[in-house]
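These notes are about the structure you will find just below.
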Amino acid sequence: QARVFEISYSVNENALPLDSVHLWYTADRGTTWHHFGADEDRQSPVTFHAPSEGLFGFYFVATNATGASTTTPTAATQPHAWAFVDYTPPVAQVHPPRQTTLLGRRVVQIRWTAIDTHLDPRPVTIEYSRPPQDTWYPVTPDPMANTGRYDWRLPDEQNGAVAIRIAVRDQGGHVVTSSPQTIELTRADTSDRGASPKSEPTTTPSNVAAAARAQELLLRGLEYRDRGDDHRAIAQLREAARLNPELTEAFAEMAGMLYRMGDVDRAKGAYEIVIKQQPGHRNALRGLAAVYRQKNDYSSAAARLREILRTTPDDAEVWMNLGDVAVFQGDEITARHAYTKATEVDPGANAVISDARKRLELMTTTSKQYD
């Protein structure tokens, strides 16, 4: 975890006294070598100052009256020792969680940002506590890939206030815990649990079996998604949608993964199916806005964002996205209005408020320079 550390070495006693000990290092697995310097007292250890982060290999060359212990290292030389240097801890932030319903189950949508150059393959642990208690419990049995999202399917007995945080671990051993975000959970509505979906015209055994299988595949797809395996997740969701073409969430989740994979055209098609089935689907509207923005169709992107704001005018992040789109359109008045609304509508959206204020300051500075 330190930029400066000691490297130990040993010398055959028969080789003493030494005239010099030189340390060489490689930062590209031995392709090139750099001379770090001589150990002035010729006694282990030697103090190394890492020029950067990453994997370093070390090689010692000692000399005495009979000559050098070896030649200077080349591309074929194997290091005497290795060390991974990572002195920058990760950045970890949990965004305000949201409660929704998926297949009749309450779900908390947990979203986070974790940034580090050298994260572990599965660096994120999600934890929860019940305020005012300060005991934290894992949401999942194992650490997760840094997907930035997890949908926590709540047990029926989980109600009231819940605090959520993440712990992020990098390859250097740093563990950073985010500030917690608290959500007040609403109770499960069991009044219509087990009822047949209104959209199904019949309840034949084959339809019931197909719908049950589709729900199973949807949940399995979400599990693959949470593990960061989008390809397997999409395969499960595609089969779920085939078995039940009215399973809106299968299309919605598949669209989001396709967009993250860069397949914006197929993502657009899946989002449009979601909007056709559920015209006010918030995530699909946001996804379509992102697709249109990537295609430089800013007018369509703004229209989708305004659809969301008609039903949820206190969504600070959507206001900020609308401001960004307005900037691309060259509409400074709308951009200023949207950024200002982003700072006002939700006092708890601290990260969004900070970003929106920075955008307003930048616009003010740019306007002054232009004037």
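Summary table below
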| read-out | value |
| --- | --- |
| Close pairs (6 angstrom Cβ cut-off, 6 or more residues apart or separate chains): touching a residue at least 60 places away in the same chain (Cβ under 8 Å) and in a loop (DSSP other than H, G, I, E, B) in the range 140-158, among the acidic types (Asp, Glu) and open to solvent by 30 Å² or more (accessible area, probe 1.4 Å) anywhere | none |
| Residue in the range 59-69 that is closer than 15 Å to residue 5 by Cβ and in a strand (DSSP E or B) present | no |
| Residue that is small (Gly, Ala, Ser), under 30 Å from residue 215 (Cα atoms) and open to solvent by less than 50 Å² (accessible area, probe 1.4 Å), where the choices are 54, 104, 67 | 104 |
| Matching option when the condition is over 19 Å from residue 172 (Cβ atoms), assigned to a strand (DSSP E or B) and in contact with an Asp or Glu (Cβ under 9 Å, 6 or more places away or on another chain), among 106, 111, 122 | 106 |
| For residue 320: the one exception among (1) open to solvent by less than 20 Å² (accessible area, probe 1.4 Å); (2) out of contact with any Asp or Glu (no Cβ under 7 Å at 6 or more places or on another chain) | (2) |
| Number of the exception - residue 147 against (1) at pLDDT 90 or above; (2) over 27 Å from residue 26 (Cβ atoms); (3) out of contact with any Ser or Thr (no Cβ under 6 Å at 6 or more places or on another chain) | (1) |
| Selection within the range 118-139 - closer than 30 Å to residue 84 by Cβ and surrounded by 12 or more Cβ atoms within 10 Å (Cβ to Cβ) | 118, 119, 120, 122, 123, 124, 125, 126, 127, 136, 138, 139 |
| Subset of the range 89-100 (residues that are surrounded by fewer than 16 Cβ atoms within 10 Å (Cβ to Cβ), β-branched (Val, Ile, Thr) and touching a residue at least 24 places away in the same chain (Cβ under 8 Å)) | 91 |
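Residues checked against (1) acidic (Asp, Glu); (2) under 30 Å from residue 178 (Cα atoms); (3) modelled with pLDDT of 90 or more:
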{"site": "273", "(1), (2), (3)": "no, no, yes"}
{"site": "278", "(1), (2), (3)": "no, no, no"}
{"site": "301", "(1), (2), (3)": "no, no, yes"}
{"site": "308", "(1), (2), (3)": "no, yes, yes"}
{"site": "311", "(1), (2), (3)": "no, no, no"}
{"site": "321", "(1), (2), (3)": "no, yes, yes"}
{"site": "333", "(1), (2), (3)": "no, no, yes"}
{"site": "346", "(1), (2), (3)": "yes, yes, no"}
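The values are calculated or read from the model by the stated rules, or taken from the named source; none is laboratory data. Predicted model, so just to flag it, every value in this text is computed and none were measured. Note that each Cβ is placed from the backbone with ideal geometry, even for glycine, and that neighbours are counted across all protein chains shown. These area figures cover heavy atoms from the full protein model, side chains too; ligands, DNA and RNA do not enter into them. Shrake-Rupley method; radii C 1.70, N 1.55, O 1.52, S 1.80 Å.
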